[in-house]
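None of the figures in this text is laboratory data; all of them are computed from the coordinates on show. Computed from a prediction, not measured in an experiment: that's the story for all the values here. Quick reminder, even Gly has a Cβ in these numbers, built from the backbone with ideal geometry, and neighbours come from all protein chains shown.
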Amino acid sequence: MSRLVSSLALCGALACEHVDDRPASWSYVHGGLLEPSCATAQCHAAGAARAGVDLSTSASAYAVLTGRVCGAPALPGEPIGNFVRPGHPEASRLLYLLRADRTEVMPPDVPLPDGEIAVIERWILEGATCD
């Protein structure tokens, strides 16, 4: 009987542990997170593009964030984008802006939830590749 209780307790404990199974891929980061939250008419859409940051298409967003062309191989010594340093989330300005205090946080009206920022951080940590 105690074996059954222990098994049930373990199953219950494991069920409570949340694992984020959202992909840390560029297609998800752009299409699922950045485009709906940031590429709006008031912020970073093609027509508005505050601070020259156009996040409206996958190609333009990837280029402005990483300084690379989507699909082109990274070259040694290639300049990195102003916002994302592939493999180095701690040095990526994008994460700073997403986690900043209320005066600088992006998006300003409704900040991204921590779980969504964690997906972006994982994408950067895994090399910020374009798929």
Ranked packing of 86-94, 101-109, most packed first, by mean Cβ within 10 Å: 86-94, 101-109
Computed FRET value (nearest 0.05) for A48 with L97, which takes r as the C-beta separation and R₀ as 22 Å: 0.85
Please compute the net charge surrounding R22, taking Lys and Arg as +1 and Asp and Glu as -1 over other residues with Cβ under 10 Å from its Cβ. -2
How much net charge surrounds A128 when only other residues with a Cβ under 9 Å from its Cβ are counted (Lys, Arg +1; Asp, Glu -1)? +1
S58: net charge of surrounding residues, Cβ under 14 Å, Lys/Arg +1, Asp/Glu -1, itself excluded? -2
